[in-house]
Structure formats: C-alpha cells, structure tokens
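Just below is one structure, and these are the notes that go with it.
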Amino acid sequence: MNKDVQRRETWPYRCAEKHSMNTSNDRLLKFLQASPEVQAEIDRVLEGKVAARVETTTGPLLYGMTAAAKFIGVSRATLWRICRTGRLQKVEILPGSFRIRRSDLEALAAGRQVGAQ
C-alpha cells in the first residue's frame, strides 16, 4: 500500500487520538495546578463522599393551579387528577380557592415522594 494512501486512511483516527490525549493531559495539568482545597474537593467527589448541596429556589411558596400546571408541564385537568389520586396535596386558601406548595411540585418533578407538610 502506498504511504500517501495509508496516511489518508489513518489521518482522522490519529487526530482524534491526539485530541483526546491532549484533553486528558490538559485535565490532569489543571488538576495538578489547582489549589489544595480544589484538589481535596475533587478527591471527595472521586471517593463518593460529596455532601448533598442545598439548593435554594426563588419564587412563591404556593402556586395557583394554572401556574402549578405550567411548572410541571401538564394541563390544569391533569393537575387536578394528580391531586385527586393523592400524589399532590392542595392547600385551600379560601373556600374554593386552592394552591399547591412549590416544594411538592419540585419533589414531583424530580421524581421524589411528595410529603405532607
């Protein structure tokens, strides 16, 4: 086989290997140049000892039925069905006026069990 043909056939593969080696080397270099605190955090992640981060959310604590339905991406009718099955609890503000807790909506959207508060 001609050397030019052989070079053309292996060229993209060699470039991909070289790029991945550079990326790996760059990542290792960044790790070695990081501060001791950052290195310790990376070690904790690699060991699986990362503490759960507390995420603070902003916005209202209670959502109206229309806003709650938009929040989880369903229709109002589906939201009422979810409430009727007990997967979400509605809060009655005034007679006939209901709201849904933001924390319950976030839990439902994340697939966690919605707890009564």
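Worth pointing out:
- Among 101-109, 71-79, the order from most to least packed when residues are scored by Cβ within 10 Å on average: 101-109, 71-79
- Net charge contributed by nearby residues that have their C-beta within less than 9 Å of Phe71 (K/R +1, D/E -1): +1
- P(r) tail, region 62-110: Cα-Cα pairs separated by more than 13 Å, 50% of all pairs.
- Estimated FRET transfer efficiency (Val45, Ser24; beta-carbon r; R0 22 Å; 0.05): 0.80
- For Arg84, neighbours were defined as the other residues whose beta-carbon sits under 13 Å from its Cβ, and their charges (Lys and Arg +1, Asp and Glu -1) total +4.
Coordinate-derived values only; no laboratory data. Worth saying up front: this structure is predicted, and the values here are computed from it rather than measured. Note: ideal-geometry Cβ built from the backbone for every residue, glycine included; neighbour counts use all protein chains shown.
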